[in-house]
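Let me begin by presenting the structure, written as structure tokens, before commenting on it.
The values are calculated or read from the model by the stated rules, or taken from the named source; none is laboratory data. Given the structure is predicted, the values throughout are model-derived calculations rather than measurements. Every residue, glycine as well, gets a Cβ built from its backbone with ideal geometry; the counts of neighbours run over all protein chains shown. Accessible surface is based on the protein model in full, side chains and every heavy atom, while ligands, DNA and RNA are left aside. Shrake-Rupley method; radii C 1.70, N 1.55, O 1.52, S 1.80 Å.
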Amino acid sequence: QHPSVNVTSILSLPLPELSKKLRDGSLSPDHVFYAYVGKAVQIATETNCITEFLQESESQARKAKLMEKQGLLYGVPVSIKDSIDCQGHDSTLGFIKNLNKPAAEDSVVVQVLKRQGAIPFVKTNVPQSLISYDCKNLIFGQTRNPLLYTRTPGGSSGGEGALVGGGGSILGIGTDVGGSLRFPAAFCGICAIKPTGKRLSKRGIMSGVVGQKAVAAAVGPLAKDVESLALCLRALLSEDMFSLDSTVPPLPFNEEVYSSTEPLRIGYYETDFFTMPSPAMRRAVRETKELLEEAGHTLVPFELNNVDYVIFNYCVRGMFADGGSSFVRKFKGEMEKGGSGLFFWLAKAPHWLKTLLCWISKPFVPRFSSIISSMKENTVDEVWSLHQEIEDFCHQFLSQWKRLNLDVMLCPMLGPALGIGYPTKLSVAVSYTMLYNALDFPAGVVPVTLATDEDEEQLKGYKGYYQDWWDRTLAKAFRGSVGMPVAVQCVALPWQEELCLRFMKEVETL
């Protein structure tokens, strides 16, 4: 509608530059807003990633010029995951029963974004219940990867991954309880950070599994580059966040740590010995390690132990400590259960059947047997004991970290993107991400390479560590992904999001 507005130019600007131009007046908020609305419509048509347009965002864009105080995200259109409350709009979690139940008020994160001048303009798709790293439900259907439509965008923040990855949003906000920010970012070729669980407020954010405390959920941003994530965290870690939710520690963004150029001492591993990395994953870690060494950083091998025990006994058992009964109740009256099929089925199965299946499968499919045994109803004493075990494991992990005198850790990230439907069959493949929810360490992903023909050729020899049905299925899921992005995971100690971002920036630059 404005011939003088160069939409292509607006959409090509990185967030820090766009934000600067909005604040100095060289770009108008409504011009930027409509540029992104137009692009978002295009990406939504291609990928089915948007669930709702937030109508009030139009008037917010028009009134932006009247704001007395221009925040760090002044005039920036932001996309919001379905499960994050926006006043007057549904947070469905993909459940039909949650339709037409608009939130009474904005979540704290959305309130802070608005106070910083941001304009939340769309909500994005999720898998039913959020307990999946695909992105499909009966209300809104299947979301597709913007880079290759036959691939999943990841989940549960899959709509965010598709929209930001396709260029229809410059900044997205999602959540992560087992990789739900990191899968979409890695699969769609963008960046994301999962902060320490309590660094950002979770008030007004709906959870896929109610009440569980063993595996830390977190809120975090997705964007095309690391500097955009840093700008978002600078804005969110403001006085507003701490005044609106007093349970969040008053830790403002530490600029000194983020901007440091001191050489880092970096731990690394190529595999967790539970999910065999694809050839592209292994190469991504090796190439990144070599570049970091050439840049003057010290790389130290780190050995993971008992990841299988952590996944089954801490993560699965921790999330479903009541045997999954509260999880099953969420599905009452709902038709679709496919995205969380295995967990849903096991949660509904009678105790005698689970015992029998566990006994039969143990010699032949040990991982299936382990999942069954971890889906049992725990007594109060057993829950307390579980929390103590998780705490002890965290201290052991920290002891090894301190013994090696590490600053940060370089780890594999599952990839390239799996075909649509495969995440439902491959719940065990969350080991690389879920470990850092159990530990509650900040973890981010940065795309570093693309899958090659050579990677594809080497997949013919992919066997997996257990050589069971899951390993055979994963080998199939990785195939046909030449040209798709592959990321690495960057990890820091709790509350050190700025150091995690600084490491991510280093990886991105190299």
Response to the item:
Being free of Cβ contacts under 8 Å to residues at least 60 places away in the same chain and either at positive phi or open to solvent by less than 10 Å² (accessible area, probe 1.4 Å) (or both) narrows 417, 443, 487, 475 down to just 475
Item to complete: Please determine, by comparing only the residues of segment 104-136 that are aliphatic (A, V, I, L, M) and open to solvent by 10 Å² or more (accessible area, probe 1.4 Å), which one is farthest from residue 179 (Cα to Cα).
Response: 104
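Given the structure, is residue 167 in contact (Cβ under 8 Å) with a residue 12 or more places away in the chain and under 19 Å from residue 501 (Cα atoms)?
So residue 167 fails the test.
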Discussion item. I need the full set of residues from segment 238-259 which are farther than 23 Å from residue 204 by Cα and open to solvent by 40 Å² or more (accessible area, probe 1.4 Å), in order please.
Written reply: 254, 255, 256, 257, 259
Response to the item:
Only unsatisfied item for residue 282, checking (1) under 23 Å from the mean Cα position of the chain (by Cα); (2) open to solvent by less than 10 Å² (accessible area, probe 1.4 Å), is (2)
Worksheet, complete the sentence: Scanning segment 44-61 residue by residue, the ones that are in contact with a helix residue (DSSP H, G or I) (Cβ under 6 Å, 6 or more places away or on another chain) and either open to solvent by 10 Å² or more (accessible area, probe 1.4 Å) or charged (D, E, K, R) (or both) total 1
Worksheet item: Does at least one position in segment 222-237 carry a residue that is open to solvent by less than 10 Å² (accessible area, probe 1.4 Å), closer than 20 Å to residue 84 by Cα and assigned to a strand (DSSP E or B)?
Response: yes
Worksheet item: Out of the residues in segment 446-467 that are of a type in the set (S, T, N, Q) and not in a helix (DSSP H, G or I), which is least open to solvent (accessible area, probe 1.4 Å)?
Response: 449
Fill in: Within segment 330-445, helices (runs of 4 or more DSSP H) holding 1 or more residues that are in contact with a Ser or Thr (Cβ under 8 Å, 6 or more places away or on another chain) and closer than 26 Å to residue 154 by Cβ
341-348, 366-374, 422-425, 431-438
Worksheet item: Name the residues in segment 62-103 that are open to solvent by 10 Å² or more (accessible area, probe 1.4 Å), out of contact with any Gly (no Cβ under 8 Å at 6 or more places or on another chain) and not basic (Lys, Arg), would you?
Response: 66, 68, 87, 88, 89, 90, 91, 98, 99, 100
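Condition check ((1) at pLDDT below 95; (2) aromatic (Phe, Trp, Tyr); (3) open to solvent by less than 10 Å² (accessible area, probe 1.4 Å); (4) within 13 Å of residue 43 (Cα to Cα)) across all residues:
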position: 146; (1), (2), (3), (4): no, no, no, yes
position: 150; (1), (2), (3), (4): no, no, no, no
position: 162; (1), (2), (3), (4): no, no, yes, yes
position: 167; (1), (2), (3), (4): no, no, no, yes
position: 171; (1), (2), (3), (4): no, no, yes, no
position: 176; (1), (2), (3), (4): no, no, yes, no
position: 181; (1), (2), (3), (4): no, no, yes, no
position: 189; (1), (2), (3), (4): no, no, no, no
position: 192; (1), (2), (3), (4): no, no, yes, no
